[in-house]
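In what follows, a structure is listed as structure tokens, so that the remarks can point back to it.
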Amino acid sequence: MTSELIDRFGRTIEYLRLSVTDRCDLRCTYCIPEGFSGFEEPEQWLNFDEIERLIRVFARLGLKRLRVTGGEPLLRRNLTELVSRLSKLPGINDISISTNATQLDRHAQALHKAGVKRINVSLDTLKPDRFATIAKRDSFSRVMNGLMTAKEEGFNPIKINMVAMQNVNDDEIEDMVMFCMENSFILRLIETMPMGETGRNAHYLNLQPVQARLRERFNLSDRILPGGGPARYLQSSDGRFTVGFITPISQHFCATCNRVRLSVDGTLYMCLGQNEKMEFGALLRNGATDKDLETMILQAIELKPERHEFNESPEKIIRIMAKTGG
Ligand code: SAM
């Protein structure tokens, strides 16, 4: 089927990040501020029927891949039921989840059975004390438990997302490489983005020198991952270890952007670093037909901006990542 989801710049949009809640049980320094009270109220949340309907229409137009995210997606009640419904939608051939893993030990088996085969776990440090400093919660052992349960359950691949920060955890990057090598996890190092005050005050680290350093130290070479999204990947000479670099600041990848983000209240954000959006919550509740939804989705795709302006206008985005759906 040819996709109708092609934007003004010729990019085919086949990937949607679905935020099922903006709430989280951690307060990572670069994401949700301690004491934050701007969360959406439950009556604003899209319910499962609304989500399924909107994604079904999206898939008819060409959407292929979904990532369930948040906030912390495992905080949404009955998430497994939603995932199972979405994984059966015609056209959707890949469904994955991003989690902080605090609750993953309880949910891993059911999620795997429901059709999630790939999982991303956020882990910025291997030191329990440092975890508590970064995430403001003493949850390290629960996270490790969740991660290891997912490994035993057979999720493949498991990607570890590490937000790399200067003088916060940059001394642990090599340790994290070795941890991922030992456990057959793919590592992804992420540059902080200026989303909200927390994102702007994060200790930005340019990952270009880190990339050069790891290349040398671990004898890594370039790896092309088909449909691999924004990360640039390096691999070990035996091909068994892969590390990706998500570098929106030092080397942006907007020209190949293939995604949009749906927040918990049904707002479709066209770019992490811009404010273009389309509100689907009211439409879904006010009797819009599937044809209306199609029309609005196609209009939204037309709005997708060429690129973010994190470097030129770092003040522009006041939404924190948890709000947009990271
Ligand atoms: N709770 C889930 C998790 O931990 O993966 C999903 C949502 S979380 C917002 C998604 C990712 O966004 C996490 O890896 C987090 O570290 C990252 N993130 C949050 N704020 C960020 C920022 N300002 N810059 C870069 N990454 C950020």
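FYI, it's all coordinate maths here, none of it is from the lab. If you're wondering where the values come from, they're calculated on a predicted model, not measured in any experiment. Quick reminder, even Gly has a Cβ in these numbers, built from the backbone with ideal geometry, and neighbours come from all protein chains shown.
Tabulated values for the structure
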{"read-out": "Residue-averaged 222 nm ellipticity for the chain, from DSSP H runs of 4+ at -39500 (n - 2.57), nearest 500", "value": "-9500 deg cm²/dmol"}
{"read-out": "Charge context of Met162, other residues only, Cβ under 14 angstrom, K/R +1, D/E -1", "value": "-3"}
{"read-out": "Net charge of Cβ neighbours under 10 Å - reference Met195; Lys, Arg +1; Asp, Glu -1", "value": "+3"}
{"read-out": "Listed peptides 167-180, 44-57 by packing density, highest first (mean Cβ within 10 Å)", "value": "44-57, 167-180"}
{"read-out": "Cα shape, the chain, gyration tensor, a/c 1.5 rule", "value": "rounded"}
{"read-out": "Rounded to whole Å, sorted largest first: equivalent-ellipsoid semi-axes of the stretch 120-255, Cα gyration tensor", "value": "22, 20, 14"}
{"read-out": "12 Å beta-carbon shell around Asp94, net charge (K/R +1, D/E -1)", "value": "+4"}
{"read-out": "Nearest-20 debye value, the chain charge dipole, Cβ charges on Lys, Arg, Asp, Glu", "value": "660"}
{"read-out": "Most to least packed among 122-128, 12-18, 36-42 [average Cβ atoms within 10 Å]", "value": "12-18, 122-128, 36-42"}
{"read-out": "4 °C / 1.567 mPa s Stokes-Einstein diffusion coefficient of the stretch 261-320, Kirkwood radius on C-alpha pairs, µm²/s", "value": "104"}
{"read-out": "Peptides ranked, highest mean first, by Cβ atoms within 10 Å: ranges 69-80, 103-114", "value": "69-80, 103-114"}
{"read-out": "Shape of the stretch 209-326, Cα gyration tensor, a/c cut at 1.5", "value": "prolate"}
{"read-out": "Percent of beta bridges antiparallel (DSSP, the chain, rounded to nearest 5)", "value": "30"}
{"read-out": "For the stretch 311-321, Karplus couplings with θ = phi - 60° (6.51, -1.76, 1.60), whole Hz, Gly/Pro x", "value": "7, 6, 10, x, 7, 5, 9, 8, 6, 7, 4"}
